[in-house]
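Colleague: Structure provided below as structure tokens; questions to follow.
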Amino acid sequence: MPASSVPDSSLGLTQSEVTLLRQHQQIALSQAGSSSSRAASHASSQGRLLLDPSSLQALSAHFDRLMYSIQQRWQALTQQTQIATQMQYDRAGNAIEIADAEIARFRQILREIDELQVEFDKVRRIGEIVKGFKARVEHLERRI
């Protein structure tokens, strides 16, 4: 049993966390091209984790790359979220502007309808006055 390995149970990790740590250790050691990869596999088969300086250095570099990748993805998603939010805000602003313009147009139409109603009432009154004159004229003609 390698001296630079420790039992899984001594780390205080859940089984899924130990499994994940082992997976990342294998990835880190294979990326580093380290000869420790075989030793890590052997330690894993014994229920232990390899914790020598070179494997820890490879694991640390792997996690640094992984964290950098996660940070880059997080920043990209944050930027996409900000862009999407701004687009929705702009669309909402445009929709409000359009709605305000339509409301103003509708109010103008209502004012014009009111003006036409007033004109219609005037014409109707004039028509009634004309009918009244016509009736008087006819009445006067019959008298004559």
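Every number in this text was worked out from the coordinates using simple rules, so none of it is lab data. Note that the structure is a prediction, hence the values are computed from the model and not measured. Cβ sites come from the backbone with ideal geometry, for glycine too, and all protein chains shown count toward neighbours.
Colleague: Taking amide H positions as placed 1.01 Å from N in the peptide plane, with prolines and chain starts having none, which residues 5 or more places from residue 5, or on another chain, fall under 5 Å of its amide H?
Modeller: HN-HN under 5 Å from residue 5: 51.
Colleague: Mind checking Rg over Rh on the stretch 77-135, alpha carbons, Kirkwood formula for Rh?
Modeller: Values: Rg = 25.1 Å, Rh = 15.6 Å.
That ratio is 1.61, to two decimals.
Colleague: Placing unit charges on C-beta atoms (Lys and Arg positive, Asp and Glu negative, everything else neutral), compute the dipole magnitude of the chain about its Cα centre in debye, rounded to 20. It would help to have the intermediate numbers written out before the result.
Modeller: On the way: 17 positive and 16 negative charges, 120 e Å.
Using Cβ point charges on Lys, Arg, Asp and Glu, the chain gives about 580 debye.
Colleague: While we're looking at this one, here's another question. Which label marks the calculated value of Rg and Dmax of the Cα atoms in Å, given the options (i) 15.2, 46; (ii) 13.5, 37; (iii) 43.9, 141?
Modeller: Label of the calculated value: (iii).
Colleague: First measure r as the distance between the Cβ atoms of residue 101 and residue 81, then evaluate 1/(1 + (r/R0)^6) with R0 = 22 Å and state the FRET efficiency to the nearest 0.05. Each step should come with its number before you reach the end.
Modeller: On the way: r = 30 Å, r/R0 = 1.37.
Given R0 = 22 Å and the Cβ-Cβ separation, E is 0.15.
Colleague: Here's something else I'd like to know. Label point 7 Å out from residue 69 along Cα-to-Cβ: which residues of the stretch 6-29 have amide N under 17 Å?
Modeller: What the label zone holds, given the 17 Å backbone N cut-off, is 20-29.
Colleague: Turning to a different aspect of this structure: Choose one of 132, 30, 117: the residue whose Cα lies farthest towards the positive end of the charge dipole of the stretch 5-143 (beta-carbon charges +1 Lys, Arg; -1 Asp, Glu; about the Cα centre).
Modeller: So the residue furthest toward the plus end is 132.
Colleague: Per residue of the chain, what 222 nm ellipticity follows from adding -39500 (n - 2.57) for every DSSP H run with n ≥ 4, rounded to the nearest 500? Please list the in-between numbers first.
Modeller: On the way: 3 runs with 119 residues, N = 144.
Per the formula, -30500 deg cm²/dmol.
Colleague: Relative contact order for the chain: what percent, with Cα pairs under 8 Å and sequence separation of 6 or more?
Modeller: Working: 58 pairs, mean separation 29.9, N = 144.
Computed over the chain, the figure is 21 percent.
Colleague: On to the next question. Once the convex hull of the alpha carbons of the stretch 39-106 is built, what does its volume come to per residue, in cubic angstrom? Before the final figure, lay out each step's value.
Modeller: Working: hull volume 6.4 nm³, N = 68.
Per-residue hull volume (Cα only) is 94 Å³.
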